[in-house]
Amino acid sequence: MIRFALSEGWRNFRNISIIGLLTIGSMTLTLVLIGLTVHGYVIVESWRSGLQGRFEIEAFLLPGTDSTVAMNLSDHILQMEHVSGVEFISQLDAAKRFKEEFGEDILDLLGQNPLPKSLVISLTELADPAITWEKTALDISGFDSVDEVAYDGEILAKMDKFYQSAGLIVGSGVLGMLIISITFTIMTVMGSIRAKERFIQIVSLSGGSRMMARGPFVALGGYYGLTAGLAATGIVYLVRWFLIVVWGEDVSGVTIWIPSLIALGVSIGIFVAGWTAGQRIKQI
Amino acid sequence: MVETHENSEVLDMLNVSYHYPNRKGVNGISIKVMKGELTLLVGRTGSGKTTMYKLIARELVPDSGEITLMNLKSSKLKGREFAVWRRHLGIVFQDLRLLTDRNVLENVRLAAECETRLPTSAKARALRVLNRVGMAHKMKDSPSELSTGEQQRVAIARALVNEPLVLLADEPVSNLDAETSSEIIEILNQVSLFGTAVLVATHQPERFEKYNPRIMRMDNGTLLAS
């Protein structure tokens, strides 16, 4: 039965039509988009975690807070969820940081050091950064010895918004292409069934099962998916090579995704063609 | 293939009626067909012969009555029994319905692939039956390269490849010259002598006289005599 379906499906596949080419084209584009989305996600995540590593929350302590209280508070903050590290900045350290940042000695400028002691808090990688950073900063600002809390909340919120928008656009693109390729596959299989009505009749009247009549069209969908999967794999490999060699991006972690584009293409083709053949051949 | 006894009944139509929405079909048809019998169904165009064939092939479902093919009853078929029913039949269509995208051997082999229970391979059976109708030498040709008589032989080969109990042939000699027509009739007679019941729809019964067939006449959807 499988051999029959494969050989008859191949016979249909060889007589490829314009709509058949469009099916393969749209399927390829869908699979390329999926493959590139996975690669893009890996790259963006790596950028994101690199950027996040540069962000920190700084909790300025009330004037007169002694070092013991500051260290206790530091231990307490370290126990909080999402906190990965706390660094105590003394007034002397603060003066050094001022000089590093502005190139001037605060004692020379003001004759005294008014800079407060502070705790610099870094967070772990977060699923929803902006909200988590905001909540953590708010919790820290509630401690008695904390005067003020500062962090780049606005930039983080913008980053989050950018990721969400990008995800939505790419997701919509993939979904749109998927719908187009499914529509083309349905049209191709329906056209093929119409062209092969006599074949179906002969199989049916010769005592072939319904599966025998449908099988070649399911295999046809599989061949379309296989061709698109192979083409998409080639394109994604090329893009991947470009990313690694030309841009120097580390996307080695997504190697396993590339061959699965072939499996995905074949699965989409078989599923859509099987469904279409089931609907159409029932009526013949 | 199902074992049958000599002179046993293979097809029984009992009071079968079918009406199309806009025209008459067949009305109260009752016939019995025996193993190895050559039967002619004679009538003018529109007399109901093709409708009767479609009912036997289960392309149409009777409005009333019962068709029995061996031990299968048409009204009680379910699931895979539909396929089994059709495997007991070989059909030669009036328009032959040969597939032009494949050669003669592949046409016959396609039907053979549908019957998976026979011990010999589909290709071997296709070659054997092509040899039987004298078309083995043209097995690589496309049906479009063949004469009408040769196409008729291929259609018969395809109908016989699964060793059916009943062969239905719809106007098999209508477009053939006298000589080719005699050859086709000879093949059909040989088929019946080998034990297959052959039911031929024709409006030229005189061409079959030599073989003394059983004749049933149809007119206006009704069986006149048998």
(request) Express in whole angstrom the spacing between the alpha-carbon centres of the range A:97-117 and the range A:176-222. (result) 79 Å
(request) May I ask you to list the residues of the range A:198-235 whose amide nitrogen lies under 19 Å from a point 7 Å from Cα along the Cα→beta-carbon direction of B:ASP95? (result) A:198-206
(message) Based on C-alpha coordinates, I'd like the Rg and Dmax of the protein assembly as shown, in Å.
(response) 39.7, 134
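Do any GluC sites (Glu not before Pro) in the range A:39-117 lie in a loop, going by DSSP, with at most 13 other beta-carbon atoms within 10 Å of their beta carbon, and if so which? Walk me through the numbers before you get to the answer.
Details: sites: A:GLU45, A:GLU56, A:GLU58, A:GLU81, A:GLU87, A:GLU100, A:GLU101, A:GLU104; in loops: A:GLU56, A:GLU81, A:GLU104.
Passing both the DSSP loop test and the Cβ count: A:GLU81, A:GLU104.
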(request) Determine, at each q value in 0.12 (inverse angstroms), the log₁₀ of I(q)/I(0) that the Debye formula gives when each Cα of chain A is one equal point scatterer. (result) -0.83
(request) Multiply the residue separation of A:LEU238 and A:ASP144 by 0.36 nm, subtract the distance between their alpha-carbon atoms, and state the gained length in nm to one decimal. (result) 28.1 nm
(message) Quick check on chain B: of the DSSP beta bridges with both residues there, what percent are antiparallel, nearest 5%?
(response) 45 percent
(message) How many angstrom lie between the Cα centre of the range B:126-170 and the Cα centre of the range B:43-99?
(response) 21 Å
(request) Determine ³J(HN,Hα), in whole Hz, for all residues of the range A:13-28 in sequence, where each value follows from phi through the Karplus function 6.51 cos²θ - 1.76 cosθ + 1.60 and θ = phi - 60°; x replaces Gly and Pro. (result) 5, 5, 8, 6, 9, 4, 5, x, 5, 5, 4, 5, x, 5, 5, 4
(message) I need the Kirkwood Rh of the range A:1-67: take the reciprocal of the average 1/r across all distinct C-alpha pairs and report it in angstrom.
(response) 17.7 Å
(message) Out of all Cα-Cα pairs in the range A:154-284, roughly what percent, to the nearest whole number, are more than 19 Å apart?
(response) 63 percent
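Per residue of A:6-13, count partner chain C-beta atoms within 10 Å of its C-beta, then hand back the mean as an integer.
Values: counts 0, 1, 3, 0, 0, 3, 1, 0.
For this peptide, the per-residue mean of nearby foreign Cβ atoms is 1.
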(message) To the nearest 20 Debye, how big is the dipole of the protein assembly as shown about its Cα centre, given +1 on the beta carbon of each Lys and Arg and -1 on that of each Asp and Glu?
(response) 4540 debye
(request) Amide H neighbours of B:VAL10 under 5 Å, at least 5 residues apart or on other chains, H built in the peptide plane: list them. (result) B:VAL33, B:MET34, B:LYS35
(request) Report, by chain and number, residues whose modeled amide H sits under 5 Å from the one on B:LEU38, excluding near sequence neighbours (fewer than 5 apart, same chain). (result) B:VAL198, B:ARG214
(request) Kindly count the pairs of lysines across the range B:9-225 whose alpha carbons are less than 18 Å apart, treating pairs on different chains or eight or more residues apart as eligible. (result) 10
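Ignore the peptide's own chain and count Cβ atoms of other chains within 10 Å of each Cβ in B:83-93; give me the average, rounded. If you can, show how the numbers build up before the last one.
Working: counts 9, 1, 1, 6, 3, 1, 3, 3, 4, 0, 4.
Shielding by partners across B:83-93 averages 3.
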(message) Kirkwood hydrodynamic radius, the range B:9-225, all distinct C-alpha pairs: what's the number in Å?
(response) 17.5 Å
(message) Placing +1 on the Cβ of each Lys and Arg and -1 on the Cβ of each Asp and Glu in chain A, which of A:SER90, A:PHE60, A:THR233 has its Cα farthest towards the positive end of the resulting dipole?
(response) A:THR233
(request) Using a 10 Å cut-off on Cβ to Cβ distances, tally the other chain neighbours for every residue of A:194-206 and report the average as a whole number. (result) 6
(message) Taking the Cα centre as origin and putting +1 on Lys and Arg beta-carbons and -1 on Asp and Glu beta-carbons, what dipole magnitude results for chain B, to the nearest 20 debye?
(response) 600 debye
(message) Along each principal axis of its Cα atoms, how long is the range B:99-226 end to end? Whole angstroms, biggest number first, please.
(response) 42, 32, 26
(request) Quick one: go through the range B:125-145 and flag any residue whose amide nitrogen is under 19 Å from the point 7 Å out along the Cα-to-Cβ line of A:ALA195. (result) B:143-144
(message) Taking R0 as 45 Å, what FRET efficiency do you get between A:ASN72 and A:VAL246 from their Cβ-Cβ distance, rounded to the nearest 0.05?
(response) 0.30
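Taking 0.36 nm per residue of separation and subtracting the Cα-Cα distance, what length does fully extending A:ILE131 through A:VAL170 add? Walk me through the numbers before you get to the answer.
Working: separation 39, 0.36 × 39 = 14.04 nm, distance 2.32 nm.
Length gained, A:ILE131 through A:VAL170: 11.7 nm.
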(request) Check chain A and count each lysine pair with an alpha-carbon distance under 23 angstrom, considering only pairs eight or more places apart or from different chains. (result) 6
(message) Per residue of the range A:160-168, what does 6.51 cos²θ - 1.76 cosθ + 1.60 with θ = phi - 60° give for ³J(HN,Hα)? Whole Hz please, x for Gly and Pro, Karplus curve as stated.
(response) 4, 5, 4, 4, 5, 5, 4, x, 5
(request) Return the long-range amide H neighbours of B:CYS114 (sequence gap of 5 or more, or a different chain), with a cut-off of under 5 Å between placed amide H atoms. (result) none
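A:LEU51 to B:GLU59: FRET efficiency via 1/(1 + (r/R0)^6), r the Cβ-Cβ distance, R0 60 Å, to the nearest 0.05? Could the numbers behind the result be given before it?
Working: r = 70 Å, r/R0 = 1.16.
Given R0 = 60 Å and the Cβ-Cβ separation, E is 0.30.
Write out the trypsin sites (Lys or Arg not before Pro) in the range A:1-64 meeting two conditions: DSSP loop, and at most 16 other Cβ atoms within 10 Å of their Cβ. Please list the in-between numbers first.
On the way: sites: A:ARG3, A:ARG11, A:ARG14, A:ARG48, A:ARG54; in loops: A:ARG54.
Hits after loop and neighbour filter: A:ARG54.
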(request) Among B:THR180, A:THR185, B:THR148, B:THR50, rank each residue by its count of other Cβ atoms within 10 Å, from fewest to most, as a rough exposure measure. (result) B:THR148, B:THR180, B:THR50, A:THR185
(request) Could I have the simple spin-label model distance between B:ALA124 and A:GLU81, label points 7 Å from Cα toward Cβ, reported in nm to one decimal? (result) 7.3 nm
(message) From the phi angles alone, apply the Karplus equation (6.51, -1.76, 1.60; θ = phi - 60°) to the range A:212-225 and give each ³J(HN,Hα) in whole Hz, x where the residue is Gly or Pro.
(response) 5, 6, 7, x, x, 7, 5, 4, 4, x, x, 5, 4, x
(message) I need the calculated FRET efficiency for the pair B:ARG214 and B:ASN131, taking r as the beta carbon distance and R₀ as 30 Å, to the nearest 0.05.
(response) 0.55
(message) Based only on other Cβ atoms within 10 Å, what is the fewest-to-most ordering of B:TRP85, A:TRP275?
(response) A:TRP275, B:TRP85
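Can you sort A:MET187, A:MET212 by how many other beta carbons sit within 10 Å, fewest first?
Values: A:MET187 16, A:MET212 22.
Going from sparsest to densest Cβ surroundings: A:MET187, A:MET212.
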(request) State which stretch of chain B is the longest one without any exposed GluC sites (Glu not before Pro), exposure meaning a DSSP loop state and at most 13 other Cβ atoms within 10 Å. (result) B:7-226
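Coordinate-derived values only; no laboratory data. Remember, it's a predicted structure, so these values are computed and weren't measured experimentally. Neighbour counts run over all protein chains shown; Cβ positions are idealised from the backbone, glycine included.
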